[in-house]
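Undergrad: Can you keep this structure in mind? I'll have questions shortly.
Only the coordinates and a few stated rules stand behind these numbers; no lab work does. It should be emphasised that the depicted structure is a prediction, and the values quoted were computed from it without experimental measurement. When we count neighbours, we look across all protein chains shown, and the Cβ atoms used for this are built from the backbone with ideal geometry, even at glycine.
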Amino acid sequence: MRKHSKAGAEENSSEIDLTPMLDVVFIMLIFFIVTASFIKEAGVEVNRPEASTANKKENVNILIAVTGTNEIWIDKRRVDKRAVRSVVERMHAENPKGAVVIQADKASNTETVTAVIDASRAAGVYDVSLATEDS
């Protein structure tokens, strides 16, 4: 009878408790979600002009697309020209170190692109770039 209770005690003590490991995994998951910087896509595809002096831009979190018909797209939504500043302000508040990249179509007007640049700067983002294709 004693051997039987001793064998049962050994089985219970050899089980592995996975609760602390799961806690660590969830804490790491929360850490990576909080520290991740997400890029907001523009929502449309545009034909960008080519440039031989193009540089790769880091810390981009706001992409603004200007189509060939001068429609402005931010975060997969069409935005009116007058609302660009408020949308950029909101997105810049989410990630203050981020930059704005404007993806302007070859057929878009300079007036529309300039209005988007002015609205971005008025929103407090002075790191504004224009996206081009590699030549």
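Undergrad: Beyond 16 Å, what share of the Cα-Cα pairs of region 85-133 remains, rounded to the nearest whole percent?
TA: Result: 36 percent of Cα pairs exceed 16 Å.
Undergrad: With a point put 7 Å past each Cα toward its Cβ, work out how far Ser86 is from Asp17 in nm, to one decimal.
TA: For Ser86 paired with Asp17, the spin-label model returns 5.4 nm.
Undergrad: Compare the peptides 98-104, 121-127, 63-69 by average per-residue count of other Cβ atoms within 10 angstrom and give them in order, highest first.
TA: In descending order of packing, they fall as 98-104, 63-69, 121-127.
Undergrad: Using a Förster radius of 35 Å, what is the FRET efficiency between Thr132 and Phe31 based on their Cβ-Cβ separation? Nearest 0.05, please.
TA: Once rounded, the FRET efficiency stands at 0.45.
Undergrad: Right, here's the next one. Hey, rough spin-label estimate for Arg78 and Glu111, points 7 angstrom out along Cα→Cβ, what's it come to in nanometres?
TA: Using points 7 Å along Cα→Cβ, the separation is 1.9 nm.
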